[in-house]
Amino acid sequence: MTASSSAPRPGTAPVPVPGTGPGHDSLPSSTDLMDVTPADLTDVTPADVVRAADRIRPYARRTPLLEVEVDGRRALLKLEHLQLSGSFKLRGALNALLSGGRDEHIVTASGGNHGLAVATAAARLGMAATVFVPTSTPSGKARRIESMGARLERRGGHFAEAAVPAQEFAARPGHRFVHPYDEPQVVAGQGTLMAEIVADRPEVDTVAVAAGGGGLAAGTALAAGGRRTVVVEPEGCRSLHDALAAGHPVDSPVDTGSAAASALGASRIGDLPYAILAARSPLLTLVDDKQILAARDRLWEEFRIAAEPAAALPFAAWLAGHVPGELPCLVVCGANTDWEAR
């Protein structure tokens, strides 16, 4: 794997992690999740993650960890592709919907997974939803969104172009726009994934996640309790790399033909995720399509894990030796793939 053309920002050194921790059925307190960095400069705190975990627990699935050994190296896989809706996105969607009014008509824009999560959350909560997706969204994701009862609107060639009419539609009375990554309740909800990892295996010293708009990466860093966060992006979709190099969120070119573009094709990192990540200096790395697809195929061949390409990024980075740690955890974040396209 080739590293970023701009020098990766150094990761924070892991703090000593206790050998014992909360049981499998409990989550850490906000104190357990507190980072070693100075006080938050954002609107989301570790305590918000704890509250989100309590809020979504009746509606989301607690996903398992799988310990694997590959080429003599040991790691944990967080099997979030088993989440309801097929990705981690359900966590943030549920937390956002449960934090608002139950009589609202929910509107969102998405490359696919967030839209499916919102549609699933709305169906579970008895709420109406409209999802705007770009024309490039895979047919499998679009079909699943409609199967959950949401109204589907195809607009524009990528997420940013679908977001404009979605926000205009959401301006109607009784409608509410739920952003896929740049919203406090969404970030806190995504952080519950890391809270589960900390509770189940407190000895984990590094966690690797894929990034598009940055919601999962920010929530993970927020709930990491000082553990390293490694953020992996495709070479053709590198909004966090470009933002950190510039010192602020910037518009970044997106290769819509990238294997992971439908899930990770945000052209600009969210302002809130950027603030959280910039304050915590995660390790950054890039993987190319060949590495992504090889990692996806290896997850299937060796472990029968049916991951979509975006979900294979952390595994690809680990195979390439770019995820340090004695016991790293690699988040397999989604399974909404079109099997006929494999």
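Every read-out reported here was derived from the displayed coordinates using simple, explicitly stated rules and does not represent laboratory data. Quick caveat, the model's predicted, so the values are computed rather than measured. As a convention, Cβ positions derive from the backbone with ideal geometry for all residues, glycine included, and neighbour counts pool all protein chains shown.
Observations, loosely collected:
- For region 83-128 versus region 151-230, the gap between their alpha-carbon centres in whole angstrom: 12 Å
- Options (1) 15; (2) 31; (3) 24 - which one matches percent of Cα pairs over 34 Å apart as calculated here: (1)
- Separation in nanometres of the label points that stand 7 Å from Cα toward Cβ, at residue 250 and residue 103: 4.7 nm
- Helical mean residue ellipticity (222 nm; -39500 (n - 2.57) per DSSP H run of 4+; nearest 500) of the chain: -11000 deg cm²/dmol
- Exposed loop sites were defined as GluC sites (Glu not before Pro) in DSSP loop states (anything but H, G, I, E or B) carrying at most 15 other C-beta atoms within 10 Å; in the chain the longest segment without such a site runs 1-202.
- Charged-residue dipole, Cβ positions (Lys, Arg, Asp, Glu), the chain about Cα centre, Debye nearest 20: 640 debye
- DSSP bridge pairs, region 59-139: antiparallel proportion in percent, nearest 5: 60 percent
- Partner aspartates and glutamates for residue 290 [C-alpha distance under 17 Å; skip if fewer than 8 residues away on the same chain]: 233, 235, 255, 301, 308
- Inter-probe distance in nm under a simple model that places probes 7 Å from Cα toward Cβ, at residue 304 and residue 62: 2.5 nm
- GNM result for the chain, Cα springs below 10 Å: residue of 228, 296, 102 fluctuating most strongly: 102
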